[in-house]
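Here is the structure we will look at, set down as structure tokens.
The values are calculated or read from the model by the stated rules, or taken from the named source; none is laboratory data. Just so it is clear, the model here is predicted, and its values are computed rather than measured. Using ideal geometry, Cβ is built from the backbone for each residue, glycine included, and neighbour counts are taken over all protein chains shown. We work out accessible area using only protein heavy atoms, side chains counted, and drop any ligands, DNA or RNA first. Shrake-Rupley method; radii C 1.70, N 1.55, O 1.52, S 1.80 Å.
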Amino acid sequence: MDIGVLRRDGRTDPFFDGTAADRLVIRHCEPCDRWFAPDETGCPECGGEDLAWAESSGRASLVTWTVTHSRDGAEPPACLALVELAEGPWLHTRLDGVDPASLREGLPLRAAFVHPDEGESYVLFRQ
Ligand SMILES: [Zn+2]
């Protein structure tokens with residue numbers, strides 16, 4: 001499944017610098033030592049609006065998923081998933097190289113990185 005060309009917008013530079021280097025970089029509130037998804041802008045715990053960027057382990061477990069099939073069946077099915085990172089935040093992502101029949105809640109996953117010819121690198125998850 002083609003996700004289109006990704007472009008950074010200035011607010012997401014640390015995230016895309018990370019994916020380009022095979023690193024999953026997410027938001028971290030240093031005073032609270034809490035982790036957040038890359039699109040989080042503030043910490044609900046302390047109200048801090050200056051979240052740091054820090055590297056996640058890239059380990060995750062499967063929360064839920066859906067398998068989409070192309071209309072004409074020409075493309076392989078795509079697995080869209082919600083995963084829980086080991087640090088706590090949930091991410092919407094795509095699974096790669098998995099057998100849809102083997103998917104189950106809690107399945108351990110690991111971040112993998114795609115470097116398209118055009119646009120930004122991005123993350124997906126594999127078993
Ligand atoms: Zn905080």
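Quick notes
- Restricted to the stretch 53-73, and to residues there that are open to solvent by 80 Å² or more (accessible area, probe 1.4 Å) and part of a loop (DSSP other than H, G, I, E, B), the residue that is farthest from the ligand (Cβ to nearest atom) is Asp72.
- Residue within the stretch 42-52 that is more than 9 Å from the ligand (Cβ to nearest atom), open to solvent by less than 50 Å² (accessible area, probe 1.4 Å) and among the aliphatic types (A, V, I, L, M) present: yes
- A count restricted to the stretch 86-127 and to residues that are farther than 18 Å from Trp65 by Cβ and more than 14 Å from the chain's Cα centre (by Cα) stands at 5.
- In the stretch 88-127, counting only strands (runs of 3 or more DSSP E) that sit wholly within it, the ones holding 2 or more residues that are free of Cβ contacts under 8 Å to residues at least 40 places away in the same chain and more than 19 Å from Ala21 (Cβ to Cβ) span 90-95.
- Considered as a group, the residues in the stretch 37-73 that are in contact with a Lys or Arg (Cβ under 7 Å, 6 or more places away or on another chain) and farther than 17 Å from Leu24 by Cβ include one that is modelled with the lowest pLDDT, and that residue is Glu45.
- Residue list for the stretch 74-91, restricted to those being modelled with pLDDT of 95 or more and open to solvent by 40 Å² or more (accessible area, probe 1.4 Å): Leu80, Glu84, Ala86, Glu87, Trp90
- Residue in the stretch 7-17 that is without any contact (Cβ under 8 Å) to a residue 24 or more places away in the chain, open to solvent by 70 Å² or more (accessible area, probe 1.4 Å), more than 18 Å from Glu120 (Cα to Cα) and more than 16 Å from the chain's Cα centre (by Cα) present: no
- Residues in the stretch 18-41 that are loosely packed, with under 15 Cβ neighbours inside 10 Å and outside any loop (DSSP other than H, G, I, E, B): Ala20 alone.
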